[in-house]
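*Asks:* Handing you this structure, nothing more for now.
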Amino acid sequence: MVEEALRGARVVVTGAGGGIGAALARAFTAAGARVAVNDLTEESVRDLAAEIGAAVVPGDASGIVPAARDALGGGVDVFCANAGVGTGGGPEAEDAAWELAWDVNVMSHVRAARALLPEWLERGSGRFVSTVSAAGLLTMIGAAPYTVTKHGALAFAEWLSLTYRHRGIRVHAVCPQGVRTDMLTAAGIAGELVLAPTAIEPEEVAKAVLDGIADERFLILPHPEVAGFHAARATEPERWLRGMNKLQRLYEDRTGGKGEAV
């Protein structure tokens, strides 16, 4: 059972100030893990930490591994790279928006892995949980920086898995569609069209993650229908693109043909 595997495990959850991150922190705690929660500020996770008895490791998710090790008594067993930004727009989005999406959605995972791998490879075990989004398998209308960087996050998770699985490193890519969080609200009309109709609660994502860990599945799909969409995208790309373009045209109709502000 997953509770046996996680009992006493030292777990870090980034972006735990709300939504999926907070739900993951609660779920791992309930499974018996020792948890450290991260967000940009201590204030944003203080109440959660008090609720579940977690350590607080505030700051940029890219550089918290040393502090997390200290907070958890000398090591990290599971790292949940959950922090992310939902940057919208297309090629017209400013370079700063693209750079932020790249830094948070991809490079924070790279930097965390860089810091964790020596410890994990030396002892022959470690688990990296990447919150990717279905956008990493598919796409998201109105949000090129988000889509592109989530594809990058998935590619990095795949690379980690195929490179280190024989050395005891386990990697999971979590790819939900709509989840009832502040990010869904911020997605505006695009979120209403694509994500809201089948949106689930963060707790359902957390349960899917623990189930995926128990089954040792790389790809964790809290919305099972995403598997079919992913298959259609791979095997019938023209049909899939026509369907997505139909959504794009509905989006343009709802926004006066100009999309939404970045």
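The values are calculated or read from the model by the stated rules, or taken from the named source; none is laboratory data. Only a predicted model underlies this, so the values are computations on that prediction, with no experimental measurement involved. We place every Cβ from the backbone using ideal geometry, glycine too, and count neighbours over all the protein chains shown.
*Asks:* Would you please list the contacts, defined by Cβ atoms under 7 Å and residues six or more apart or on different chains, that run from a residue in segment 78-104 that is touching a residue at least 60 places away in the same chain (Cβ under 8 Å) and of a type in the set (S, T, Y) to a residue that is surrounded by 24 or more Cβ atoms within 10 Å (Cβ to Cβ) and not in a helix (DSSP H, G or I)?
*Replies:* Within 7 Å, the pairs are T87/A143.
*Asks:* Can you name every residue in segment 184-211 that is crowded, with 20+ Cβ neighbours inside 10 Å, under 15 Å from the mean Cα position of the chain (by Cα) and either of a type in the set (V, I, T) or within 17 Å of G84 (Cα to Cα) (or both)?
*Replies:* Hits for segment 184-211 are P202, V205, A206, V209.
*Asks:* Is it the case that some residue within segment 72-79 is within 30 Å of A186 (Cα to Cα) and part of a helix (DSSP H, G or I)?
*Replies:* No - not one qualifying residue is present in segment 72-79.
*Asks:* Among the candidates A97, A68, which residue alone is buried (at least 19 other Cβ atoms within 10 Å of the Cβ), at pLDDT 95 or above and part of a helix (DSSP H, G or I)?
*Replies:* The conditions single out A68.
*Asks:* Restricting attention to segment 37-65, which residues are more than 13 Å from A22 (Cα to Cα), surrounded by fewer than 19 Cβ atoms within 10 Å (Cβ to Cβ) and not small (G, A, S)?
*Replies:* Those that are more than 13 Å from A22 (Cα to Cα), surrounded by fewer than 19 Cβ atoms within 10 Å (Cβ to Cβ) and not small (G, A, S): L40, T41, E42, E43, P58, D60.
*Asks:* Show me the helices (runs of 4 or more DSSP H) entirely contained within segment 152-223 in which 1 or more residues are in contact with a His (Cβ under 8 Å, 6 or more places away or on another chain) and not hydrophobic (A, V, I, L, M, F, W, C).
*Replies:* 202-215
*Asks:* Let me ask you something else. Pairs needed: first member in segment 125-141, under 18 Å from Y251 (Cβ atoms) and in contact (Cβ under 8 Å) with a residue 12 or more places away in the chain; second member anywhere, among the aliphatic types (A, V, I, L, M) and part of a strand (DSSP E or B); C-beta distance under 8 Å; at least 6 residues apart or different chains.
*Replies:* Correct list of pairs: A135/A143.
*Asks:* Could you identify the single residue in A187, A112, A144 that is among the small types (G, A, S) and under 15 Å from T14 (Cβ atoms)?
*Replies:* A112
*Asks:* Is one or more of the residues making up segment 243-257 among the aromatic types (F, W, Y), in contact (Cβ under 8 Å) with a residue 60 or more places away in the chain and crowded, with 16+ Cβ neighbours inside 10 Å?
*Replies:* Yes: segment 243-257 contains one or more residues that are among the aromatic types (F, W, Y), in contact (Cβ under 8 Å) with a residue 60 or more places away in the chain and crowded, with 16+ Cβ neighbours inside 10 Å.
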